[in-house]
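Presented below is the structure to which this report refers.
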Amino acid sequence: MGDQMQFIVEKLNQEPFRKNYNLIWFDSLESVQLLQLLNDVLGEIDPKHAVDIREELPEQTAKRMLSLLGILKYKPPGSVSDLSAFRQGLITGSKPVIHPLLHWLLQRTSELKKRAYLARFLVKLEVPAEFLQDDTVADINKQYEELMEAFKNLHKEYEQLKISGLSTAEIRRDISAMEEEKDQLVKRVERLKKRVETVQNHQRMLEIARQLRLEKEREESLAQQKQEQKSQLFHAEQRLQRAQLQLKEMQDAVADSKPESLMKKLEEEINFHSYLVTEKMPRELESKKALVYLLQKVLAEPAMTQSDLTALQSEINEVNAQMNQLIEKRMMKYEPTDGKFFTYRQQASIISRKKEAKAEELQAAKEEMARLERQVQQRSSQAQELEGSEILTEDEVKQYVTKLRSKNTLYKKKRLEIAEITAEYGILQRTEELLKQRHEAIQQQLKMTEEKKGIPGYSYTQEELERISAVKSEVDEMKGQTLDNMSEMVKKLNAVVAEKKASLAPVIKELRQLRQKCQELTQERDEKKIQYDSCAAGLESNRSALEQEVKGLLEECAQEESNYRYIHCMKRSLEVQLQRAKEEMKAYVSPDPQERRKAIREQYTRMILEQENLGKKLREKQKVVRESHGPNMKQRKMWQDFEQLMECKRECFQKQQNQAAIGQVIQEGDILHSGTKWD
């Protein structure tokens with residue numbers, strides 16, 4: 001409590017309150033001053049509450065504060081039964097209520113300011129249903145909800161911008177830097193334009209460069225389209241492989257099994273999926289909903305301290321202990337009569353647990369099988385990409401080995417050819433170097449000749465134009481080839497798709513018949529399930545009614561038993577008190593003095609007399625002290641004066657001795673001085 005008050009005083013002495021309190025002053029505040037101080041803190045959180053509480057009724061003040069505390073999600077310390085005491089303490093300004101509230105508010109002022117600000121716009125106004133039937137009111141309410149959602153989104157964006165750390169100063173710096181870069185680029189473009197304008201035929205060269213750039217961009221787009229079509233072709237081949245694999249599996253299943261086995265397999269799958277849908281999934285969904293509800297409840301509550309967590313843990317332990325005791329009592333109470341059904345219940349619970357475990361194992365096995373199938377497809381596709389075909393058989397491996405041997409001999413021949421080509425390459429490289437040297441010399445001569453004639457750069461421009469025209473012709477040729485290849489590829493794909501459709505037609509026809517049978521069986525199963533559900537619902541309602549009746553009787557029995565125990569305890573206590581009263585009366589009326597001394601009345605009478613005698617002696621002693629107080633104080637004053645007088649005499653004597661010693665020293669000095677004169 002002292003730490004709490006110290007924290008409150010420190011916060012109130014800081015900005016924006018600046019109260020200049022200390023612990024004694026704060027503890028001596030009256031209830032009205034405490035309420036005004038609490039109202040000032042709430043006014044700092046929400047400016048609407050910055051009012052003088054003397055100008056409104058106590059009930060209005062309490063209602064206003066309670067509404068704001070509800071918005072701020074304040075949880076009073078204690079159980080739910082203490083809420084009325086909390087309201088009453090808030091009205092009267094009780095310190096045990098106000099001090100924890102001030103501590104909680106001052107701990108998280110910034111967070112509560114934000115919550116109060118958002119509550120002004122996000123606390124929804126509840127409109128009665130009969131008013132919403134009016135179209136105008138319904139439209140306004142809808143607009144109000146849309147504006148509330150828009151405010152939520154804007155506030156989230158604002159918080160994200162605050163977290164991101166972007167400021168207006170940084171944005172201005174970026175804008176100024178980009179403007180400087182823009183100015184530099186503009187100046188650079190102007191310089192380049194001036195340099196280009198001096199070249200002959202610069203407009204034609206710029207036009208050719210622009211066409212070259214457009215052709216390069218078109219080439220890049222065509223290459224991208226080609227890559228996309230390749231990826232589409234690859235995905236189509238993968239889908240085709242999966243469809244072929246599924247078709248093969250279905251053909252194998254149809255060839256190796258009979259209609260009865262297929263029906264049995266379908267029934268097993270239907271039973272498994274129905275178990276998942278009707279039993280397992282609803283239980284998991286309910287558990288997830290309960291978990292989400294608990295998490296939302298915990299999130300809605302204010303932050304808990306370590307002491308709150310410790311208290312909750314101790315309460316949970318107590319409740320668990322009580323539950324275990326009740327379960328043990330119930331088992332001991334109903335074990336004789338319910339022993340017949342105990343084994344059946346145990347077996348049913350064991351079977352249900354085994355069923356759940358097997359269902360989970362089956363689900364895991366199916367997921368594992370799907371994962372392995374995906375891996376097999378992936379490996380087969382990788383093998384197809386590397387070798388151009390699927391996994392090889394034994395004959396294909398032999399053919400591959402023979403092919404590899406022939407390629408080995410071919411590799412050796414090619415290796416000899418490469419050695420010859422390498423030698424020839426060395427000769428050609430030396431020839432190329434010589435030709436480059438001659439070319440450079442000729443270029444120097446040509447450059448000097450062009451400068452003499454006044455046409456510098458003519459040969460370079462001519463070569464560039466020839467090179468650009470050659471590149472353009474090559475690009476046009478490549479585009480034509482690409483379009484031809486794409487058209488041929490599309491034709492092949494269409495032919496393959498048509499062939500696969502024709503091969504899958506009989507299988508699809510059989511699959512339709514099986515689907516029709518499956519629908520009929522599903523319809524029959526649904527009808528049977530509806531009958532089963534209606535019967536089970538009737539039995540469940542009867543069972544629940546009986547359980548409620550039994551529960552009521554058990555509660556009534558427990559209540560009566562607790563009443564009996566309470567009355568029995570009260571009876572025993574009254575009997576003990578009556579016995580003590582009888583013994584006291586017997587001892588009081590007894591003629592024996594020893595027995596009478598043992599009576600409580602005699603003992604208390606004797607103690608009262610002793611205390612009265614002691615008080616009388618103390619009063620006499622007090623009277624003597626009061627009478628002798630004046631003379632004693634006078635005598636004490638005289639002794640103090642005497643002590644001061646003696647101290648003064650001692651100081652005077654010491655001074656006199658010091659002066660005598662100084663005079664003797666001076667006299668001896670004079671004698672010595674006169675002696676020296678005579679000498």
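The values are calculated or read from the model by the stated rules, or taken from the named source; none is laboratory data. No experiment lies behind these values; they were computed from the predicted model shown. Here the Cβ is made from the backbone with ideal geometry for all residues, glycine too, and neighbour counts use every protein chain on show. What goes into the accessible areas is simple: the full protein's heavy atoms, side chains included, and nothing from ligands, DNA or RNA. Shrake-Rupley method; radii C 1.70, N 1.55, O 1.52, S 1.80 Å.
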### Message
Which entries of LYS265/LYS354; LYS11/LYS152; LYS452/LYS472; LYS48/LYS114; LYS265/LYS366 have Cα-Cα distances beyond 25 Å here?
### Response
LYS11/LYS152; LYS452/LYS472
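Suppose R0 equals 51 Å. What FRET efficiency, 1/(1 + (r/R0)^6) with r the Cβ-Cβ distance, do ARG636 and ASP3 give to the nearest 0.05?
Working: r = 48 Å, r/R0 = 0.94.
Calculated value: 0.60.
Would you list ILE24, ILE350 from the most to the least accessible area, probe 1.4 Å?
Heavy-atom accessible area, descending, gives ILE24, ILE350.
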### Query
Once amide H atoms are built 1.01 Å from N in the peptide plane, which residues 5 or more positions from LYS19, or in another chain, come under 5 Å H to H?
ASN13, GLN14
### Task
Heads up, I need the accessible area for ARG467: 1.4 angstrom probe, whole protein in place, Å², nearest 10.
130 Å²
### Task
Keeping every protein chain in place, order ASP3, ASP40 by accessible area at 1.4 Å, biggest value first, i.e. largest first.
ASP3, ASP40
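Using a 1.4 Å probe over the heavy atoms of the protein chains, calculate the carbon and sulfur portion of the accessible area of segment 207-287 as a whole percent. Mind dumping the intermediate values first?
On the way: 3410 of 6290 Å².
On segment 207-287, the fraction of accessible area on carbon and sulfur atoms equals 54 percent.
Solvent-accessible area per residue for segment 558-637 at a 1.4 Å probe radius, Å²?
Values: 7810 Å² over 80 residues.
In whole numbers, segment 558-637 has 98 Å² accessible per residue.
Can you give me the % of accessible surface on segment 505-602 that is carbon or sulfur? Probe 1.4 Å, all protein chains present, nothing else counted.
C and S fraction of accessible area: 56 percent.
Give me the 1.4 Å probe accessible area per residue for segment 142-216, excluding ligands and nucleic acids, in Å².
Values: 6990 Å² over 75 residues.
Result: 93 Å² per residue.
Calculate what fraction, in whole %, of the accessible area of segment 1-151 sits on carbon and sulfur atoms when a 1.4 Å probe is rolled over the protein chains. Mind showing how you got there, number by number?
Working: 5180 of 9470 Å².
Carbon and sulfur: 55 percent of the exposed surface of segment 1-151.
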### Message
Can you tally the net charge around LEU618? Count Lys and Arg as +1, Asp and Glu as -1, for every other residue whose Cβ sits under 14 Å from the Cβ of LEU618.
### Response
+3
### Query
Setting aside same-chain residues fewer than 8 positions from LYS529, which aspartates and glutamates have a Cα under 20 Å from its Cα?
GLU267, GLU268, GLU269, GLU279, GLU520, GLU540
### Message
For the pair ILE175/ALA311, report the inter-label distance in nm, with labels modelled 7 Å from Cα in the Cβ direction.
### Response
5.5 nm
### Task
From largest accessible area down, sort PHE642, PHE272; use a 1.4 Å probe on the protein chains.
PHE642, PHE272
### ASP139 accessible area, assembled protein chains, probe 1.4 Å, Å²
90 Å²
### Message
Quick check for you: with a 1.4 Å probe and neighbouring chains kept, what is the accessible area per residue of segment 1-101, in Å²?
### Response
59 Å²
### Query
Using a 1.4 Å probe, how large is the accessible area of HIS629, given in Å² and rounded to the nearest 10?
100 Å²
### Summary
In order over segment 105-116: 3J(HN,Hα) from phi, Karplus 6.51/-1.76/1.60, θ = phi - 60°, whole Hz, x for each Gly or Pro, gives 5, 6, 5, 10, 5, 5, 5, 6, 4, 5, 5, 5
### Message
For LYS414, give me every one of the lysines with a C-alpha distance below 25 angstrom, ignoring sequence neighbours fewer than eight places off in its own chain.
### Response
LYS398, LYS403
